[in-house]
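Just below is one structure, and these are the notes that go with it.
Throughout, read-outs are computed from the coordinates displayed, never taken from laboratory work. Values in this document were obtained by computation on a predicted structure and should not be read as measured data. Cβ atoms come from the backbone with ideal geometry, glycine included; neighbour counts cover every protein chain shown.
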Amino acid sequence: MRGWAALVVALHHASYVYLPDVRIALQGWFDPGTYGVLVFFLVSGYIVPASLERRESVRGFWIGRFFRIYPLLAVACLLAILPFLLGVRGLRAGLEQYHPVTAVLAHVTMMQDLLAVPNAMNVLWTLSYEMAFYLLVVALFVVGAHRRSAPVSVGLAAAALVVGGLVPTWLLSGLLSRTAGVGVVVAACFTALVAAIAAAVSGRAGARIAGGLLGGLLAAVLVLLNGRVGAWQGLAMMALMFAGTAVYRAEHGQIPARSGIAAAVLVPAGSLVAGVWNMHGYWHAQLVWAGTVLTAAATFAAGWLLRHRRFPRWATGLGTASFSIYLLHPLLLMVAAQFLGTSGPANVPGLLVFVVVLLAAGWASQRWIEAPAQRLGRRLARRAPSTAAEPPVLAASS
């Protein structure tokens with residue numbers, strides 16, 4: 001499913017270069033890019049908390065996340081700004097107005113999209129919400145509330161519904177950065193994030209809980225008060241991730257089946273209504289958001305129903321390289337648009353060449369960058385002592 005989602009996002013962005021007429025015809029009815037992202041978020045919700053709980057170690061979890069994401073992210077960001085460093089072209093629009101230290105620190109936190117700093121590549125915005133999800137997952141884990149995924153997901157969807165219906169999108173978007181200044185917010189976020197993770201991976205129970213809660217608070221505040229997208233949409237995306245977690249827990253008997261079903265039904269419905277309510281008066285936007293949420297939920301449901309079936313090796317291989325495909329495709333499109341050009345309103349041969357090159361680059365990146373880094377991360381995580389055994393009181397709660 002991750003491979004499918006990454007390829008859909010890549011093809012959506014490629015349509016700007018190779019199939020502009022198709023993109024224009026589709027944009028008022030469906031958004032393939034957001035669809036792919038929401039499928040990604042549902043899958044992340046399904047698997048990421050389980051990774052933390054299998055280790056029963058916050059330290060091991062953060063080590064694993066670091067080596068899963070940052071090596072390839074660093075390479076991709078360097079490649080994205082390399083033309084600027086070589087004097088070939090400028091930075092991505094808007095990024096040049098920020099001090100280099102501010103821009104770098106924002107990207108190091110991986111939360112730049114929640115800090116009002118333009119992304120070095122357009123696709124990096126989703127990683128900010130992934131990081132916010134990780135922080136919330138750790139916060140719930142350290143206080144023993146990690147199996148309350150169903151009520152958390154429904155609560156977030158309800159909050160998205162309230163915010164989407166009552167608060168104008170512009171009011172909360174980037175609110176902290178507009179009032180305190182981008183540099184101040186970035187510095188505060190970087191400091192708080194480092195302190196939160198350092199405390200959460202410590203060997204002392206009190207510090208671990210304090211660090212986990214600090215990280216969760218940071219994520220909640222930024223999603224609600226400083227996101228580039230509307231606060232209702234940030235809350236809806238968080239809700240969908242936790243809905244994926246609730247499905248996993250119900251499947252494995254950690255919570256009652258009715259709780260998982262409730263989250264699987266109420267969260268997409270609440271997210272859909274939140275968007276439709278917020279976009280009142282713009283029926284095309286309402287239609288696009290509704291169709292995107294419903295098809296992403298249906299795709300996740302189909303994948304879940306087929307989870308015991310064997311899939312072709314090429315499909316699982318696509319999933320293995322999904323992160324590389326996701327991060328590298330904007331770089332290939334930048335080369336295509338800037339240096340190779342396009343021919344006419346439709347360039348199907350060019351699109352096919354792009355897909356072949358992307359898959360080859362994704363395979364090579366996964367083999368020579370991602371896989372070695374992940375192996376190193378696993379070795380270090382195995383050596384890390386457990387920092388948080390599963391809490392005995394709340395672990396079985398629904």
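Using the Cβ-Cβ distance between His252 and Gln97 with R0 = 56 Å, the FRET efficiency computed as 1/(1 + (r/R0)^6) comes to roughly 0.70. Packing-based ranking of 162-172, 7-17, 268-278 yields 268-278, 7-17, 162-172, ordered from highest to lowest mean Cβ neighbour count within 10 Å. The reciprocal of the average 1/r between distinct C-alpha atoms defines the Kirkwood hydrodynamic radius, which for the range 139-242 equals 14.6 Å. Given a cut-off of 26 Å, what percent of all Cα-Cα pairs of the range 182-314 lie beyond it? Within the range 182-314, distances greater than 26 Å cover 45 percent of Cα pairs. Note on Cys77, Cys189: ascending count of other Cβ atoms within 10 Å places them as Cys77, Cys189, the fewest first.
Plainly put, the range 243-301 has a radius of gyration that is 1.10 times its Kirkwood radius, both from alpha-carbon atoms, as the Rg/Rh ratio.
For a paramagnetic label modelled on Thr169 (point 7 Å from Cα along Cα→Cβ), amide N atoms under 12 Å away are absent within the range 89-130.
The Rg/Rh ratio for the range 281-357 is 1.09, where Rg is the radius of gyration of the alpha carbons and Rh is the Kirkwood radius.
Put in line by how crowded their Cβ is, counting other Cβ atoms within 10 Å and starting with the fewest, Asp31, Asp113 read Asp31, Asp113.
Computed from the C-beta positions of Tyr16 and Arg367, the FRET efficiency with R₀ = 41 Å rounds to 0.90.
For the chain, a crude dipole built from +1 on the beta carbon of Lys and Arg and -1 on the beta carbon of Asp and Glu, taken about the Cα centre, is about 1200 debye to the nearest 20. Of the residues Val273, Leu331, Trp363, the one whose Cα sits farthest towards the positive end of the charge dipole of the range 239-383 is Trp363 (charges of +1 on Lys and Arg Cβ, -1 on Asp and Glu Cβ, taken about the Cα centre). Along the charge dipole of the chain, which of Val186, Leu72, Ser128 sits closest to the positive end, that is, farthest toward it, with unit charges on the beta carbon of Lys, Arg, Asp and Glu (+1, +1, -1, -1)? Checking the options against the dipole of the chain, the answer is Leu72.
Here the chain is treated as a Stokes sphere of Kirkwood radius computed over C-alpha pairs; at 25 °C and 0.890 mPa s its diffusion coefficient rounds to 113 µm²/s.
Residue farthest toward the positive end of the dipole of the range 183-326, with Cβ of Lys/Arg at +1 and Asp/Glu at -1: which of Gly203, Pro312, Val229? Positive-end residue among those listed: Pro312. Scalar couplings 3J(HN,Hα) for the range 79-86, obtained by applying the Karplus form with A = 6.51, B = -1.76, C = 1.60 to θ = phi - 60°, are 5, 5, 9, 4, x, 5, 5, 8 Hz; x denotes Gly and Pro.
Pair-distance distribution P(r) for the range 1-129, from all Cα-Cα distances in 5 Å bins starting at 0: 2, 9, 14, 18, 19, 17, 12, 6, 3, 1, 0 percent.
Among Ile69, Ile261, Ile255, Ile369, the ranking by other beta carbons within 10 Å of each residue's beta carbon, starting with the fewest, stands as Ile261, Ile369, Ile69, Ile255.
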